[in-house]
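Everything on this sheet refers to the single structure shown next.
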Amino acid sequence: MNKILIDLQHITKSFDGQMVLDDLNLYIRENEFLTLLGPSGCGKTTTLRILGGFEAPDKGNVIFNGTDITKMPPNKRQLNTVFQKYALFTHMTIADNIAFGLKIKNKSKSYIDDKIKYALKLVNLEGYEKRMPDSLSGGQQQRIAIARAIVNEPKVLLLDEPLGALDLKLRQDMQYELIRLKNELGITFIYVTHDQEEALTMSDTIVVMNQGYIQQIGSPEKIYNEPENAFVADFIGDSNIIGGTMIEDKLVEIFGTRFPCVDTGFGCGKPVDVVIRPEDVILSAPAAGRIKGVVTHLIFKGVHYEMEVTANGYEWLVHSTSMFPVGTEVGIDVDPFNIQIMNKPASEDEEAAKIDE
């Protein structure tokens, strides 16, 4: 297991009396690709800015490699930030853009020239030294911004929604580029996004945030398959979140029908939230299902059909490679292993509240 490189301890931050981060604790390991994921206003960019030294926390400490850097200015930190807007100097060539930080450090011309060639090769833009930024596509400009950050040999690269302005195909290409760079360079990546697919594709670890609190920390597989609360389940991919009653261990009741499951420890006769992913809903002939429903919507998505099935007044979202036309009566079932049980929050505050790592 890699050692802990960054430790955010009890970070609190508010703007104009509005709490943005509330006693946030988070550690990041060396050579990890960690993504801060959440909706707008959840505190993810503020966390990144505190790490980069662009904001000071009201309370708490930023520990980097065992040293407290909370009050250290950005230019003294072994971190580099790549912003969504690229921030390339339009009046400078690509070579001058990449060399900017090295010139400030008074590096020799031969050292700078070597670094420019190395960085451009890494981002697959060899031979672009003399080009101007406005002659490049959005994806190429983004790669130059990353190259400019890499040449400074940071221990950590901070990326604030860097692919947000790119079109879908380019964004997907850049995701693979970033994974390749991280593996080749051995740099720790801390990535901010509100795009769930991006987070699931690239990350070793995902930190799901909401209203200034960490909701869940885990691998992409863990976050997707075992969400700890309804917010995470709803935010990461599509979900059917249904109110149910835990009859006993490994048995839950939904809409008056009992479904076997694998979860234990929720008590008996307790209200719970039941999470079932659309791809885990099994449609069959009406008699073969535990619940009967009718297909009300149908869309072809290429890889699968997306259907809505109304059963007991609830609209089930279903993804299936089998097609059931609108109006078809179907049976609904779910494999016990694909039913995820969660405690029902007692209040909205509890819903937003922090859960322990």
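The values are calculated or read from the model by the stated rules, or taken from the named source; none is laboratory data. Quick caveat, the model's predicted, so the values are computed rather than measured. Please note: Cβ atoms are built from the backbone with ideal geometry, for glycine as well, and neighbour counts cover all protein chains shown. Heavy atoms of the whole protein, side chains included, go into the accessibility calculation; ligands, DNA and RNA do not. Shrake-Rupley method; radii C 1.70, N 1.55, O 1.52, S 1.80 Å.
Does Asp173 count as out of contact with any helix residue (DSSP H, G or I) (no Cβ under 8 Å at 6 or more places or on another chain) and either farther than 17 Å from Phe83 by Cα or among the aromatic types (Phe, Trp, Tyr) (or both)? So Asp173 does not fit the description; no. Tell me whether segment 171-178 contains one or more residues that are touching a strand residue (DSSP E or B) at 6+ places or on another chain (Cβ under 7 Å), within 27 Å of Ile50 (Cα to Cα) and surrounded by fewer than 22 Cβ atoms within 10 Å (Cβ to Cβ). Scanning segment 171-178, I find no residue that is touching a strand residue (DSSP E or B) at 6+ places or on another chain (Cβ under 7 Å), within 27 Å of Ile50 (Cα to Cα) and surrounded by fewer than 22 Cβ atoms within 10 Å (Cβ to Cβ), so the answer is no.
Residue-wise test of (1) assigned to a helix (DSSP H, G or I); (2) in contact with a strand residue (DSSP E or B) (Cβ under 6 Å, 6 or more places away or on another chain).
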residue	(1), (2)
Arg49	yes, no
Thr81	no, yes
Ala87	no, no
Ser110	yes, no
Ile116	yes, no
Arg131	no, no
Gly139	yes, no
Gln142	yes, no
Ala145	yes, yes
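Of all residues in segment 154-179, those being in contact with a His (Cβ under 9 Å, 6 or more places away or on another chain) and under 24 Å from Leu5 (Cβ atoms) number 1. Residues in segment 291-323 that are open to solvent by 40 Å² or more (accessible area, probe 1.4 Å), over 20 Å from Met246 (Cα atoms), part of a strand (DSSP E or B) and of a type in the set (Ser, Thr, Tyr): Thr296, Tyr305, Thr310. Considering (1) open to solvent by 20 Å² or more (accessible area, probe 1.4 Å); (2) under 23 Å from the mean Cα position of the chain (by Cα); (3) of a type in the set (A, V, I, L, M), the lone condition that Leu8 does not fulfil carries the number (1).
Restricting the search to segment 55-76, which residues are touching a helix residue (DSSP H, G or I) at 6+ places or on another chain (Cβ under 7 Å) and not in a strand (DSSP E or B)?
If the condition is that a residue be touching a helix residue (DSSP H, G or I) at 6+ places or on another chain (Cβ under 7 Å) and not in a strand (DSSP E or B), then Glu55, Pro57, Pro74 are the ones that fit.
Going by the conditions given, is Val252 assigned to a strand (DSSP E or B), open to solvent by less than 60 Å² (accessible area, probe 1.4 Å), closer than 24 Å to Ile341 by Cα and not charged (D, E, K, R)? Yes: the conditions hold for Val252.
Annotation: Cys42 fulfils all but one of (1) closer than 19 Å to Gln216 by Cβ; (2) not in a loop (DSSP other than H, G, I, E, B); the unmet one is (2). In segment 105-121, the residues that are surrounded by 15 or more Cβ atoms within 10 Å (Cβ to Cβ) form Cβ pairs under 6 Å with partners that are among the β-branched types (Val, Ile, Thr) and at pLDDT 90 or above, at six or more places apart or across chains, as follows: Ile116/Ile98; Ala119/Ile98.
Considering segment 270-290, and only residues there that are closer than 19 Å to Ile241 by Cβ and touching an Asp or Glu at 6+ places or on another chain (Cβ under 6 Å), the residue that is least open to solvent (accessible area, probe 1.4 Å) turns out to be Pro278. Quick check on my filter: what residues within segment 324-340 are among the polar types (S, T, N, Q) and either assigned to a loop (DSSP other than H, G, I, E, B) or open to solvent by 40 Å² or more (accessible area, probe 1.4 Å) (or both)? Thr328, Asn338, listed by residue number.
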